[in-house]
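The values are calculated or read from the model by the stated rules, or taken from the named source; none is laboratory data. This structure is a prediction, so every number in the text was calculated from the model and none was measured. Methodologically, a virtual Cβ is constructed for each residue, glycine included, from the backbone with ideal geometry; neighbour enumeration extends over all protein chains shown.
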Amino acid sequence: MSAEPPTLALVGSGEYLEAMAPLEAQLIGAGRRYVQIPLAAGREGDERFSYWVELGREQARRLGVEAVPILARSRADALDPTWAELVAEADLIYLSGGDPLHLAASLRDTPLWAAIVAALARGVPVAGCSAGAMVLGGVIGSLRRRAASAAPGLGILPGTAILPHFDRLRHWHAGHAIAPVPGATRTIGIDELTALVGTGGSFHVWGAGSAWLVSDGRLERLESASLAVDATAST
């Protein structure tokens with residue numbers, strides 16, 4: 001398949017909820033295979049991991065498409081080429097929430113991540129919610145600690161840091177300015193039940209809330225954004 005402009009959805013919260021089904025329907029289009037990757041919740045215990053798997057299946061049923069859950073929970077699992085083979089047949093790939101550091105460390109330099117990048121490069125939409133959105137940036141910040149040191153992301157959006165749950169984050173830090181993520185050239189906040197959706201680097205806001213450019217001491221509400229997308233990122 002020839003290369004197509006990469007399509008990304010960076011979601012502040014709400015993966016697999018009915019309110020977000022129109023976005024997921026838009027992303028999968030006429031496709032049928034909805035590949036769901038709950039790896040960020042891999043350390044949350046069997047019950048919680050199963051919750052995310054079943055929630056994804058419910059959304060697939062709601063959309064009338066096939067759910068293809070990737071049951072990888074660790075880096076060892078992500079090294080198993082079986083999961084990469086399933087991703088290679090995806091029409092939509094969704095990285096759901098949990099621990100962004102666990103997700104990034106588990107995916108980096110694995111067949112599973114290589115399959116996700118290859119799919120993105122050939123035009124398969126990739127969505128990331130909460131932790132799933134954070135790892136797509138070049139830098140991963142902290143939602144709880146102001147000015148905390150940052151970790152490297154997986155680099156699909158080089159230099160960019162994504163802060164999901166941003167309306168909640170502003171509540172947590174009431175009375176204090178939210179600083180840009182250290183080491184990022186651009187920090188973007190995305191409210192809950194809201195997404196920043198783009199093809200070929202041109203992004204627009206979808207959903208109930210807003211997206212924000214975070215600068216020193218101020219916030220700028222975004223209607224749209226132009227972001228560099230590296231659909232060959234392999235780090």
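Give me a count of the residues in region 202-235 that are in contact (Cβ under 8 Å) with a residue 60 or more places away in the chain, surrounded by fewer than 16 Cβ atoms within 10 Å (Cβ to Cβ) and either touching a Ser or Thr at 6+ places or on another chain (Cβ under 9 Å) or closer than 23 Å to Gly14 by Cα (or both).
Summing the residues that are in contact (Cβ under 8 Å) with a residue 60 or more places away in the chain, surrounded by fewer than 16 Cβ atoms within 10 Å (Cβ to Cβ) and either touching a Ser or Thr at 6+ places or on another chain (Cβ under 9 Å) or closer than 23 Å to Gly14 by Cα (or both) in region 202-235 gives 2.
Can you list residue pairs whose Cβ atoms sit under 6 Å apart, with the first residue in region 59-87 being modelled with pLDDT under 95 and surrounded by fewer than 17 Cβ atoms within 10 Å (Cβ to Cβ) and the second being of a type in the set (Phe, Trp, Tyr) and outside any helix (DSSP H, G or I)? Count only pairs 6 or more apart in sequence or on different chains.
From residues that are modelled with pLDDT under 95 and surrounded by fewer than 17 Cβ atoms within 10 Å (Cβ to Cβ), there are no pairs.
Listed residues Glu4, Glu24; which is of a type in the set (D, E, K, R) and touching a Gly at 6+ places or on another chain (Cβ under 7 Å)? Quick ask: steps written out before the conclusion?
Working: Glu24 fails: touching a Gly at 6+ places or on another chain (Cβ under 7 Å).
When all the criteria are applied, what remains is Glu4.
Does Arg108 meet the test of being farther than 30 Å from His204 by Cβ, modelled with pLDDT of 95 or more, among the basic types (Lys, Arg) and out of contact with any Asp or Glu (no Cβ under 6 Å at 6 or more places or on another chain)?
So Arg108 does not fit the description; no.
Taking Ile162 as meeting all but one of (1) within 17 Å of the chain's Cα centre (by Cα); (2) farther than 15 Å from Val11 by Cα; (3) assigned to a strand (DSSP E or B), write down the number of the exception.
It is condition (2) that Ile162 fails.
Within region 180-235, count every residue that is part of a loop (DSSP other than H, G, I, E, B) and touching a Leu at 6+ places or on another chain (Cβ under 8 Å).
First pass over region 180-235, keeping only residues part of a loop (DSSP other than H, G, I, E, B): 180-185, 191-193, 200-201, 208-210, 216-217, 223, 227-235.
This time we only want the ones that are touching a Leu at 6+ places or on another chain (Cβ under 8 Å), so: 181, 193, 201, 208-210, 227-231, 233, 235.
Looking only at that region, the number is 13.
Quick check on this structure: which one of Leu17, Leu10 is under 16 Å from the mean Cα position of the chain (by Cα) and buried (at least 19 other Cβ atoms within 10 Å of the Cβ)? Full working, then the answer.
Details: Leu17 fails: buried (at least 19 other Cβ atoms within 10 Å of the Cβ).
Going through Leu17, Leu10 in turn, the sole match is Leu10.
If you take the residues of region 88-106 that are surrounded by fewer than 19 Cβ atoms within 10 Å (Cβ to Cβ) and among the small types (Gly, Ala, Ser), which of them is nearest to the chain's Cα centre (by Cα)?
Checking each candidate, the answer is Ala105.
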